[in-house]
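Below: one structure, written as structure tokens.
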Amino acid sequence: MRELDENIPLEAESDEDSANEVSEQAHENEPEEGGTSSMEDEKQIEREVLQTEQEDKIEDEEKEREEATWDGSESEFVEDDDAEEYEEKYAGIKFGYVLKKDEILDCLKHTGLFKSNGTRSAVEICLLLVLTLMFSVLFFVTGNKINFILGVISTVLVFPVVLMPRFFVGFNADKLTTGKKLSVEIYPDEIAVDSEASTWKIPLDGSCVFEEFNGMFLIYLPQEKLFIIPTRAIEPDFLADVQGMIIAGTKPKEES
């Protein structure tokens, strides 16, 4: 009986040791779980910081591109004389520029003038080649020199027809490159233009068509007229406002 009595406390001590071990393991696991949660929070913060840095980098690159295309021309807010009492007093933006020949040439090619002439030239070239072939066959069959001469003439005429569209567009670009400075004031309802020799206004009431092309704002007016605004002439800080007013008062050009 004494031996049994001696073993009883031993078992109790063993149970207490096991309980202590379980408690210690629980205490050890608690910081591990907390540490895992803390690591996840740190990773989340790092991801957010990286995302913010990437967004800032993209914004900086866009701003650098805008500044790179800007030619240094000054822009400023101007007062709208027709503004109502409840409207903003300085609702317009003023800037000036001189159109370059290459800008006009690019616009003439893009707007379809060069393409339409090119299509017509292709038809004319095909007709001339058919005539050349026909006169050549007639010359070999009949031996008539007139057919030979007509065949040579048809062949020679191919060259001016090929070069005519480029010459025509270049001639118009030279004609439109006046070198005069345009003073432009853009308001929410109209664009006022002063070209030294004359002044006119372009309504922003939805009657014109707008398109962005190769660093230029193209405004298609009635009667197949075109008004060009190079973005290089607008300060980067004013560019978004100018673009917004033009888009709000025009229709987008439909893709053909």
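Worth pointing out:
- Residue match in the stretch 155-176 (condition: at pLDDT 85 or above, out of contact with any helix residue (DSSP H, G or I) (no Cβ under 8 Å at 6 or more places or on another chain) and either surrounded by fewer than 17 Cβ atoms within 10 Å (Cβ to Cβ) or not in a helix (DSSP H, G or I) (or both)): yes
- The set of residues in the stretch 36-56 that are open to solvent by 100 Å² or more (accessible area, probe 1.4 Å) and acidic (Asp, Glu) comprises Glu40, Glu42, Glu46, Glu53.
- Filtering the stretch 185-209 to residues that are open to solvent by less than 70 Å² (accessible area, probe 1.4 Å) and of a type in the set (Ser, Thr, Tyr) leaves Tyr187, Ser195, Ser198, Ser207.
- Tally of residues being crowded, with 17+ Cβ neighbours inside 10 Å and among the acidic types (Asp, Glu) across the stretch 217-240: 1
- Strands (runs of 3 or more DSSP E) (entirely within the stretch 191-256) containing at least 1 residues that are among the hydroxyl-bearing types (Ser, Thr, Tyr): 199-203, 216-221
- Taken over the stretch 217-236, residues that are more than 17 Å from the chain's Cα centre (by Cα) and either at positive phi or among the acidic types (Asp, Glu) (or both) amount to 2.
- Of the numbered criteria (1) more than 16 Å from the chain's Cα centre (by Cα); (2) open to solvent by 50 Å² or more (accessible area, probe 1.4 Å), the one Asn214 fails is (1).
- All of Phe213, Phe217 fail the test of being out of contact with any Cys (no Cβ under 8 Å at 6 or more places or on another chain), under 20 Å from Lys101 (Cβ atoms) and of a type in the set (Phe, Trp, Tyr), apart from Phe217.
- Tally of residues being touching a residue at least 24 places away in the same chain (Cβ under 8 Å) and either under 11 Å from Lys94 (Cβ atoms) or touching a Lys or Arg at 6+ places or on another chain (Cβ under 8 Å) (or both) across the stretch 193-206: 2
The values are calculated or read from the model by the stated rules, or taken from the named source; none is laboratory data. Keep in mind that what you see is a predicted model, and the values were worked out from it rather than measured. Ideal geometry is used to build each Cβ from the backbone, glycine not excepted, and the neighbour counts take in all protein chains shown. All accessible areas refer to the heavy atoms of the entire protein, side chains included, with ligands and DNA or RNA removed. Shrake-Rupley method; radii C 1.70, N 1.55, O 1.52, S 1.80 Å.
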